[in-house]
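Down below is the structure, laid out as C-alpha coordinates.
The values are calculated or read from the model by the stated rules, or taken from the named source; none is laboratory data. Please read all numbers here as calculations on a predicted model, not as lab measurements. Every residue, glycine among them, receives a Cβ derived from its backbone with ideal geometry; neighbour counts consider all protein chains shown.
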Amino acid sequence: MARTEPVYASFRAIGAYVPSKVLSNADLEKMVDTSDEWILKRTGISERRIAAEDEYTSDMATKASKIAIERAGLEISDIDLLVCATVTPDYFNMPATSCIISDKLGIKNVQAFDISAACSGFVYALSVAKAFIESGMKKNVLIVGAEKFSSIVDYTDRTTCILFGDGAGAAVISATNNQSEAFIDLHASADGSYADFLVTPAPGCVHPVSQKVIDEGLNFVQMKGNETFKLAVKTLTKDVKDILAKNEIASEDIPHFVPHQANYRIIKAVGDALKMKEEQVVLTVGKYGNTSAASIPMAINDIWESGRLKKGELMLLDTFGGGLTWASALLPFSGESK
Ligand code: UT7
(Lines give C-alpha, C1' and ligand atoms only; values in the text may rest on other atoms or scores of the structure.)
Protein backbone atom coordinates (compact mmCIF):
# COMPACT_ATOMS: atom_id res chain seq x y z
CA MET A 1 0.00 0.00 0.00
CA ALA A 2 1.57 3.30 -1.06
CA ARG A 3 2.20 5.60 1.94
CA THR A 4 1.18 8.65 -0.11
CA GLU A 5 -2.48 7.56 0.02
CA PRO A 6 -4.35 8.03 3.31
CA VAL A 7 -4.64 4.79 5.29
CA TYR A 8 -7.69 4.02 7.41
CA ALA A 9 -8.47 1.32 9.97
CA SER A 10 -11.39 -0.99 9.11
CA PHE A 11 -13.20 -3.61 11.19
CA ARG A 12 -12.69 -6.66 8.97
CA ALA A 13 -13.78 -9.75 10.93
CA ILE A 14 -15.14 -10.98 14.25
CA GLY A 15 -14.94 -14.29 16.13
CA ALA A 16 -15.82 -15.53 19.61
CA TYR A 17 -15.59 -18.52 21.88
CA VAL A 18 -17.72 -19.44 24.89
CA PRO A 19 -16.95 -22.30 27.28
CA SER A 20 -19.49 -25.12 27.33
CA LYS A 21 -20.22 -25.16 31.09
CA VAL A 22 -23.34 -23.18 32.02
CA LEU A 23 -23.82 -21.65 35.48
CA SER A 24 -27.53 -20.90 35.83
CA ASN A 25 -29.38 -18.76 38.36
CA ALA A 26 -30.78 -22.00 39.77
CA ASP A 27 -27.19 -23.22 40.34
CA LEU A 28 -26.38 -19.95 42.15
CA GLU A 29 -29.46 -20.33 44.36
CA LYS A 30 -27.73 -23.41 45.80
CA MET A 31 -24.46 -21.53 46.40
CA VAL A 32 -25.49 -18.16 47.92
CA ASP A 33 -28.54 -16.46 49.41
CA THR A 34 -30.11 -15.28 46.16
CA SER A 35 -32.97 -16.13 43.81
CA ASP A 36 -33.53 -16.46 40.08
CA GLU A 37 -36.21 -13.77 40.42
CA TRP A 38 -33.86 -11.26 42.11
CA ILE A 39 -31.04 -11.82 39.61
CA LEU A 40 -33.34 -11.57 36.57
CA LYS A 41 -35.12 -8.47 37.85
CA ARG A 42 -31.97 -6.58 38.93
CA THR A 43 -29.60 -7.64 36.12
CA GLY A 44 -31.44 -9.43 33.28
CA ILE A 45 -29.00 -12.35 33.60
CA SER A 46 -30.29 -15.96 33.37
CA GLU A 47 -27.00 -17.80 32.99
CA ARG A 48 -23.30 -17.35 32.33
CA ARG A 49 -20.50 -19.61 31.03
CA ILE A 50 -17.64 -20.90 33.16
CA ALA A 51 -14.31 -22.10 31.73
CA ALA A 52 -12.99 -25.53 32.67
CA GLU A 53 -10.35 -25.65 35.38
CA ASP A 54 -7.57 -26.22 32.84
CA GLU A 55 -9.00 -23.82 30.26
CA TYR A 56 -7.24 -20.47 30.48
CA THR A 57 -7.83 -16.97 29.14
CA SER A 58 -5.23 -17.61 26.40
CA ASP A 59 -7.04 -20.81 25.32
CA MET A 60 -10.38 -19.04 24.89
CA ALA A 61 -8.64 -16.10 23.17
CA THR A 62 -6.80 -18.42 20.77
CA LYS A 63 -10.05 -20.13 19.73
CA ALA A 64 -11.81 -16.81 19.12
CA SER A 65 -8.76 -15.47 17.23
CA LYS A 66 -8.56 -18.43 14.84
CA ILE A 67 -12.19 -17.86 13.86
CA ALA A 68 -11.67 -14.12 13.31
CA ILE A 69 -8.51 -14.62 11.21
CA GLU A 70 -10.23 -17.25 9.06
CA ARG A 71 -13.29 -15.03 8.55
CA ALA A 72 -10.96 -12.18 7.55
CA GLY A 73 -9.60 -14.45 4.81
CA LEU A 74 -6.10 -14.02 6.18
CA GLU A 75 -3.24 -16.34 7.11
CA ILE A 76 -1.83 -16.36 10.63
CA SER A 77 1.36 -14.90 9.15
CA ASP A 78 -0.53 -11.79 7.93
CA ILE A 79 -1.06 -10.59 11.53
CA ASP A 80 1.56 -7.99 12.45
CA LEU A 81 0.30 -6.89 15.88
CA LEU A 82 -1.56 -8.78 18.61
CA VAL A 83 -3.24 -6.93 21.47
CA CYS A 84 -5.09 -8.76 24.22
CA ALA A 85 -7.40 -6.86 26.56
CA THR A 86 -7.87 -8.74 29.82
CA VAL A 87 -7.89 -8.30 33.59
CA THR A 88 -7.73 -12.05 34.13
CA PRO A 89 -4.45 -12.86 32.40
CA ASP A 90 -2.92 -16.35 32.49
CA TYR A 91 -0.14 -14.86 34.68
CA PHE A 92 -0.52 -11.65 36.63
CA ASN A 93 2.94 -10.22 35.98
CA MET A 94 4.58 -11.89 33.02
CA PRO A 95 4.48 -13.11 30.35
CA ALA A 96 1.66 -11.11 28.76
CA THR A 97 -1.30 -13.27 27.76
CA SER A 98 -0.92 -11.89 24.20
CA CYS A 99 2.52 -13.55 24.00
CA ILE A 100 0.98 -16.89 25.02
CA ILE A 101 -1.81 -16.43 22.45
CA SER A 102 0.74 -15.68 19.71
CA ASP A 103 2.54 -18.92 20.55
CA LYS A 104 -0.71 -20.94 20.57
CA LEU A 105 -1.65 -19.42 17.21
CA GLY A 106 1.82 -20.13 15.81
CA ILE A 107 2.58 -16.48 15.10
CA LYS A 108 6.31 -15.80 15.16
CA ASN A 109 8.09 -12.48 15.56
CA VAL A 110 5.01 -10.37 16.09
CA GLN A 111 4.64 -7.44 18.49
CA ALA A 112 2.28 -8.57 21.27
CA PHE A 113 1.14 -6.88 24.45
CA ASP A 114 -1.82 -6.72 26.87
CA ILE A 115 -4.16 -3.89 27.79
CA SER A 116 -5.61 -3.59 31.27
CA ALA A 117 -8.75 -1.46 31.06
CA ALA A 118 -11.26 -3.92 32.53
CA CYS A 119 -14.61 -3.89 30.68
CA SER A 120 -13.41 -1.06 28.41
CA GLY A 121 -10.43 -3.14 27.26
CA PHE A 122 -11.76 -4.12 23.84
CA VAL A 123 -12.59 -0.54 22.80
CA TYR A 124 -9.23 0.61 24.20
CA ALA A 125 -7.62 -2.11 22.02
CA LEU A 126 -9.58 -0.81 19.03
CA SER A 127 -8.07 2.64 19.61
CA VAL A 128 -4.56 1.11 19.68
CA ALA A 129 -5.22 -0.83 16.45
CA LYS A 130 -6.55 2.34 14.78
CA ALA A 131 -3.49 4.36 15.79
CA PHE A 132 -0.97 1.72 14.68
CA ILE A 133 -2.73 1.29 11.31
CA GLU A 134 -3.29 4.96 10.56
CA SER A 135 0.34 5.74 11.39
CA GLY A 136 1.35 3.16 8.77
CA MET A 137 3.18 0.98 11.31
CA LYS A 138 0.90 -2.11 11.02
CA LYS A 139 -1.51 -3.56 8.45
CA ASN A 140 -3.48 -6.36 10.14
CA VAL A 141 -4.01 -6.10 13.89
CA LEU A 142 -5.58 -8.90 15.90
CA ILE A 143 -7.36 -7.59 18.98
CA VAL A 144 -8.80 -9.90 21.58
CA GLY A 145 -10.97 -9.35 24.64
CA ALA A 146 -10.77 -12.47 26.82
CA GLU A 147 -11.57 -13.19 30.44
CA LYS A 148 -11.61 -16.08 32.85
CA PHE A 149 -13.47 -13.93 35.34
CA SER A 150 -14.46 -17.00 37.35
CA SER A 151 -10.81 -17.12 38.50
CA ILE A 152 -11.23 -13.88 40.50
CA VAL A 153 -14.86 -14.23 41.63
CA ASP A 154 -15.70 -15.18 45.20
CA TYR A 155 -18.55 -17.67 44.85
CA THR A 156 -19.67 -16.92 48.41
CA ASP A 157 -20.22 -13.19 47.60
CA ARG A 158 -23.74 -12.82 46.21
CA THR A 159 -23.15 -9.21 45.17
CA THR A 160 -20.57 -10.18 42.52
CA CYS A 161 -20.83 -13.90 41.73
CA ILE A 162 -24.20 -13.54 40.01
CA LEU A 163 -22.83 -11.06 37.48
CA PHE A 164 -19.70 -12.37 35.83
CA GLY A 165 -18.92 -15.04 33.24
CA ASP A 166 -16.07 -16.29 31.06
CA GLY A 167 -15.50 -16.02 27.32
CA ALA A 168 -13.49 -14.44 24.51
CA GLY A 169 -14.05 -12.34 21.42
CA ALA A 170 -11.54 -11.36 18.74
CA ALA A 171 -11.47 -8.99 15.78
CA VAL A 172 -9.16 -8.35 12.86
CA ILE A 173 -8.61 -4.66 12.14
CA SER A 174 -7.01 -4.02 8.77
CA ALA A 175 -5.59 -1.14 6.77
CA THR A 176 -7.68 0.15 3.88
CA ASN A 177 -7.60 3.08 1.46
CA ASN A 178 -11.38 3.02 1.21
CA GLN A 179 -12.68 5.84 3.40
CA SER A 180 -16.20 4.38 3.53
CA GLU A 181 -14.78 1.44 5.56
CA ALA A 182 -12.96 3.67 8.06
CA PHE A 183 -13.72 4.07 11.76
CA ILE A 184 -15.78 7.24 12.11
CA ASP A 185 -14.81 8.15 15.66
CA LEU A 186 -13.55 6.66 18.90
CA HIS A 187 -13.36 8.14 22.35
CA ALA A 188 -11.69 6.52 25.38
CA SER A 189 -11.24 7.97 28.84
CA ALA A 190 -10.47 7.18 32.49
CA ASP A 191 -10.88 8.63 35.97
CA GLY A 192 -8.69 6.97 38.59
CA SER A 193 -10.37 8.81 41.47
CA TYR A 194 -13.02 6.06 41.28
CA ALA A 195 -10.42 3.25 41.38
CA ASP A 196 -11.98 1.71 44.50
CA PHE A 197 -15.38 1.19 42.80
CA LEU A 198 -14.13 -2.00 41.12
CA VAL A 199 -10.94 -3.53 42.37
CA THR A 200 -9.09 -6.82 42.76
CA PRO A 201 -6.71 -5.87 45.60
CA ALA A 202 -4.22 -8.74 45.15
CA PRO A 203 -1.83 -9.87 43.82
CA GLY A 204 0.13 -6.69 43.18
CA CYS A 205 2.89 -4.70 44.86
CA VAL A 206 0.34 -3.20 47.30
CA HIS A 207 -0.65 -6.70 48.42
CA PRO A 208 1.89 -9.30 47.37
CA VAL A 209 0.71 -12.86 47.94
CA SER A 210 0.63 -13.53 51.69
CA GLN A 211 -1.45 -15.36 54.27
CA LYS A 212 -3.35 -12.08 54.82
CA VAL A 213 -4.34 -12.04 51.11
CA ILE A 214 -5.75 -15.55 51.40
CA ASP A 215 -7.43 -14.99 54.78
CA GLU A 216 -9.11 -11.73 53.69
CA GLY A 217 -9.91 -12.89 50.14
CA LEU A 218 -8.06 -9.93 48.64
CA ASN A 219 -7.54 -11.91 45.42
CA PHE A 220 -11.26 -11.61 44.62
CA VAL A 221 -13.03 -8.85 42.73
CA GLN A 222 -14.73 -6.25 44.96
CA MET A 223 -17.34 -3.86 43.61
CA LYS A 224 -19.34 -0.90 44.88
CA GLY A 225 -22.25 -2.13 42.78
CA ASN A 226 -24.87 0.53 43.28
CA GLU A 227 -22.43 3.46 43.02
CA THR A 228 -20.92 1.92 39.87
CA PHE A 229 -24.39 1.41 38.41
CA LYS A 230 -25.38 5.08 38.84
CA LEU A 231 -22.10 6.39 37.45
CA ALA A 232 -22.29 3.96 34.52
CA VAL A 233 -25.73 5.19 33.44
CA LYS A 234 -24.70 8.87 33.74
CA THR A 235 -21.32 8.53 32.02
CA LEU A 236 -22.45 6.23 29.20
CA THR A 237 -25.49 8.34 28.36
CA LYS A 238 -23.33 11.47 28.05
CA ASP A 239 -20.60 9.64 26.13
CA VAL A 240 -22.88 8.17 23.46
CA LYS A 241 -24.88 11.39 23.09
CA ASP A 242 -21.60 13.31 22.62
CA ILE A 243 -20.14 10.97 19.99
CA LEU A 244 -23.39 11.00 17.98
CA ALA A 245 -23.75 14.80 18.20
CA LYS A 246 -20.09 15.38 17.29
CA ASN A 247 -20.49 13.25 14.16
CA GLU A 248 -23.98 14.57 13.34
CA ILE A 249 -25.50 11.09 13.36
CA ALA A 250 -29.00 10.52 14.75
CA SER A 251 -29.55 7.57 17.08
CA GLU A 252 -32.27 6.19 14.76
CA ASP A 253 -29.58 5.82 12.04
CA ILE A 254 -27.60 3.32 14.14
CA PRO A 255 -28.67 -0.22 13.21
CA HIS A 256 -26.50 -1.83 15.90
CA PHE A 257 -26.00 -0.26 19.33
CA VAL A 258 -23.57 -2.64 21.07
CA PRO A 259 -23.24 -1.68 24.74
CA HIS A 260 -21.06 -3.40 27.30
CA GLN A 261 -23.16 -6.23 28.73
CA ALA A 262 -22.99 -5.49 32.47
CA ASN A 263 -26.61 -5.20 33.49
CA TYR A 264 -29.82 -5.05 31.42
CA ARG A 265 -31.05 -2.08 33.49
CA ILE A 266 -27.96 -0.02 32.56
CA ILE A 267 -28.37 -0.92 28.88
CA LYS A 268 -32.09 -0.09 28.97
CA ALA A 269 -31.53 3.27 30.68
CA VAL A 270 -28.90 4.34 28.12
CA GLY A 271 -30.94 2.95 25.19
CA ASP A 272 -34.04 4.82 26.41
CA ALA A 273 -32.09 8.08 26.82
CA LEU A 274 -31.05 7.72 23.16
CA LYS A 275 -34.62 6.78 22.16
CA MET A 276 -33.31 3.52 20.69
CA LYS A 277 -35.82 0.91 19.54
CA GLU A 278 -35.47 -2.62 20.95
CA GLU A 279 -34.24 -4.04 17.63
CA GLN A 280 -31.31 -1.56 17.55
CA VAL A 281 -29.91 -2.68 20.92
CA VAL A 282 -27.71 -5.79 21.02
CA LEU A 283 -28.33 -7.90 24.14
CA THR A 284 -26.35 -10.94 25.23
CA VAL A 285 -26.17 -10.24 28.98
CA GLY A 286 -29.02 -12.70 29.65
CA LYS A 287 -27.07 -15.71 28.40
CA TYR A 288 -23.43 -14.73 29.09
CA GLY A 289 -23.56 -12.31 32.04
CA ASN A 290 -20.79 -9.72 32.26
CA THR A 291 -17.65 -11.02 30.52
CA SER A 292 -15.71 -7.76 30.98
CA ALA A 293 -13.32 -7.13 28.03
CA ALA A 294 -14.89 -10.02 26.08
CA SER A 295 -18.42 -8.65 26.31
CA ILE A 296 -18.49 -6.30 23.29
CA PRO A 297 -16.72 -8.62 20.78
CA MET A 298 -18.89 -11.55 21.95
CA ALA A 299 -21.98 -9.39 21.35
CA ILE A 300 -20.76 -8.31 17.89
CA ASN A 301 -20.10 -11.97 17.08
CA ASP A 302 -23.62 -12.82 18.17
CA ILE A 303 -25.24 -10.46 15.65
CA TRP A 304 -22.80 -11.51 12.92
CA GLU A 305 -23.51 -15.22 13.45
CA SER A 306 -27.26 -14.68 13.50
CA GLY A 307 -26.99 -12.85 10.16
CA ARG A 308 -28.09 -9.50 11.61
CA LEU A 309 -24.78 -7.68 11.04
CA LYS A 310 -24.20 -6.94 7.35
CA LYS A 311 -21.23 -5.51 5.52
CA GLY A 312 -21.14 -1.72 5.73
CA GLU A 313 -23.62 -1.39 8.60
CA LEU A 314 -22.86 1.06 11.37
CA MET A 315 -22.09 -0.03 14.94
CA LEU A 316 -22.11 2.19 18.02
CA LEU A 317 -20.05 0.61 20.81
CA ASP A 318 -20.00 1.88 24.37
CA THR A 319 -18.46 0.56 27.53
CA PHE A 320 -17.66 1.26 31.13
CA GLY A 321 -15.55 -0.57 33.71
CA GLY A 322 -12.90 -0.76 36.40
CA GLY A 323 -10.36 2.04 36.51
CA LEU A 324 -12.79 3.65 36.11
CA THR A 325 -12.55 3.58 32.35
CA TRP A 326 -15.10 4.22 29.64
CA ALA A 327 -15.10 4.38 25.85
CA SER A 328 -17.32 4.63 22.81
CA ALA A 329 -16.77 4.02 19.11
CA LEU A 330 -18.67 4.65 15.92
CA LEU A 331 -17.62 2.47 13.00
CA PRO A 332 -18.93 0.44 10.08
CA PHE A 333 -18.56 -3.34 9.95
CA SER A 334 -16.37 -3.85 6.90
CA GLY A 335 -16.17 -7.63 6.77
CA GLU A 336 -18.28 -9.98 4.71
CA SER A 337 -21.84 -10.66 5.86
CA LYS A 338 -22.54 -14.22 6.96
O1 UT7 B 1 -18.84 -4.17 34.18
C2 UT7 B 1 -18.30 -3.18 34.98
C3 UT7 B 1 -19.28 -2.29 35.56
N4 UT7 B 1 -20.11 -2.97 36.48
C5 UT7 B 1 -21.38 -2.65 36.57
O6 UT7 B 1 -21.81 -1.82 35.81
C7 UT7 B 1 -22.21 -3.26 37.65
C8 UT7 B 1 -23.11 -2.22 38.21
N9 UT7 B 1 -23.96 -2.63 39.32
C10 UT7 B 1 -25.01 -3.46 39.20
O11 UT7 B 1 -25.23 -4.09 38.19
C12 UT7 B 1 -25.97 -3.51 40.36
O13 UT7 B 1 -25.62 -2.51 41.28
C14 UT7 B 1 -26.03 -4.88 41.08
C15 UT7 B 1 -26.73 -5.89 40.23
C16 UT7 B 1 -24.64 -5.36 41.44
C17 UT7 B 1 -26.85 -4.73 42.38
O18 UT7 B 1 -28.14 -4.21 42.10
P19 UT7 B 1 -28.71 -2.97 42.91
O20 UT7 B 1 -30.09 -2.74 42.43
O21 UT7 B 1 -27.74 -1.85 42.77
O22 UT7 B 1 -28.80 -3.53 44.39
P23 UT7 B 1 -28.10 -2.99 45.72
O24 UT7 B 1 -26.62 -3.19 45.67
O25 UT7 B 1 -28.59 -1.61 46.01
O26 UT7 B 1 -28.70 -3.98 46.79
C27 UT7 B 1 -30.10 -4.03 47.08
C28 UT7 B 1 -30.37 -5.16 48.05
C29 UT7 B 1 -29.44 -5.19 49.25
O30 UT7 B 1 -30.17 -5.62 50.36
P31 UT7 B 1 -30.73 -4.54 51.43
O32 UT7 B 1 -29.52 -3.83 51.97
O33 UT7 B 1 -31.65 -3.66 50.67
O34 UT7 B 1 -31.43 -5.42 52.43
C35 UT7 B 1 -28.44 -6.27 48.89
O36 UT7 B 1 -27.86 -6.87 50.02
O37 UT7 B 1 -30.17 -6.42 47.36
C38 UT7 B 1 -29.30 -7.25 48.14
N39 UT7 B 1 -28.58 -8.11 47.23
C40 UT7 B 1 -29.04 -9.30 46.82
N41 UT7 B 1 -30.19 -9.98 47.09
C42 UT7 B 1 -30.37 -11.17 46.49
C43 UT7 B 1 -27.38 -7.89 46.65
N44 UT7 B 1 -27.04 -8.93 45.85
C45 UT7 B 1 -28.06 -9.81 45.95
C46 UT7 B 1 -28.31 -11.07 45.36
N47 UT7 B 1 -29.47 -11.71 45.66
N48 UT7 B 1 -27.43 -11.64 44.50
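List of remarks:
- Some residue of the range 104-127 being away from the ligand (no atom under 16 Å from the Cβ), in a helix (DSSP H, G or I) and in contact with a Gly (Cβ under 9 Å, 6 or more places away or on another chain): yes
- Residue within the range 287-302 that is modelled with pLDDT of 95 or more, surrounded by fewer than 24 Cβ atoms within 10 Å (Cβ to Cβ) and under 22 Å from Asp253 (Cβ atoms) present: yes
- Evaluating Ala168 against the criteria (1) in a loop (DSSP other than H, G, I, E, B); (2) aliphatic (A, V, I, L, M); (3) over 16 Å from Gln111 (Cβ atoms) leaves one unmet condition, (1).
- Residues being of a type outside the set (Phe, Trp, Tyr) and within 17 Å of Ile45 (Cβ to Cβ) - total across the range 277-312: 17
- Members of the range 269-304 that are touching a strand residue (DSSP E or B) at 6+ places or on another chain (Cβ under 9 Å) and either without any contact (Cβ under 8 Å) to a residue 40 or more places away in the chain or assigned by TED's automatic domain parsing to the domain that holds Asp36 (or both): Gly271, Leu274, Met276, Gln280, Val281, Val282
- Within the range 241-262, the only residue that satisfies the criterion of being more than 13 Å from the ligand (Cβ to nearest atom), among the aliphatic types (A, V, I, L, M) and within 17 Å of the chain's Cα centre (by Cα) is Val258.
- Qualifying residue in the range 124-135 (condition: free of Cβ contacts under 8 Å to residues at least 60 places away in the same chain, over 17 Å from Pro19 (Cα atoms) and of a type in the set (Asp, Glu)): no
- Any chance Ile101 is away from the ligand (no atom under 16 Å from the Cβ) and not assigned by TED's automatic domain parsing to the domain that holds Ala269: yes
- Within the range 263-284, considering residues that are away from the ligand (no atom under 13 Å from the Cβ) and of a type outside the set (A, V, I, L, M, F, W, C), the one farthest from Ala232 (Cα to Cα): Glu279
- All told, Ile50 meets the bar of being more than 16 Å from the chain's Cα centre (by Cα) and either away from the ligand (no atom under 16 Å from the Cβ) or surrounded by fewer than 21 Cβ atoms within 10 Å (Cβ to Cβ) (or both).
- Complete set of residues in the range 285-299 that are within 11 Å of the ligand (Cβ to nearest atom) and of a type in the set (Gly, Ala, Ser): Gly289, Ser292, Ala293, Ser295
Residue-by-condition table, conditions (1) crowded, with 18+ Cβ neighbours inside 10 Å; (2) in contact with a helix residue (DSSP H, G or I) (Cβ under 8 Å, 6 or more places away or on another chain):
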position	(1), (2)
Asp215	no, no
Glu227	no, yes
Leu236	yes, yes
Lys241	no, yes
Ala245	no, no
Val258	yes, yes
Ile266	yes, yes
Ala273	no, yes
Thr284	yes, yes
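- Residue within the range 282-296 that is within 16 Å of Ser328 (Cα to Cα) and of a type in the set (S, T, N, Q) present: yes
- Hey, Asn263 under 24 Å from Asn301 (Cβ atoms) and of a type outside the set (A, V, I, L, M, F, W, C) or not: yes
- Scope the range 140-160; condition within 11 Å of the ligand (Cβ to nearest atom) and closer than 21 Å to Ser116 by Cα; matching residues: Glu147, Phe149, Thr160
- Only one of Ala175, Ala202, Ala188, Ala182 that is more than 12 Å from the ligand (Cβ to nearest atom), under 18 Å from the mean Cα position of the chain (by Cα) and either of a type outside the set (Asp, Glu) or at negative phi (or both): Ala188
- Within the range 214-232, restricting attention to residues that are among the aliphatic types (A, V, I, L, M) and either touching a strand residue (DSSP E or B) at 6+ places or on another chain (Cβ under 9 Å) or under 14 Å from Val199 (Cα atoms) (or both), the residue that is nearest to the ligand (Cβ to nearest atom) is Ala232.
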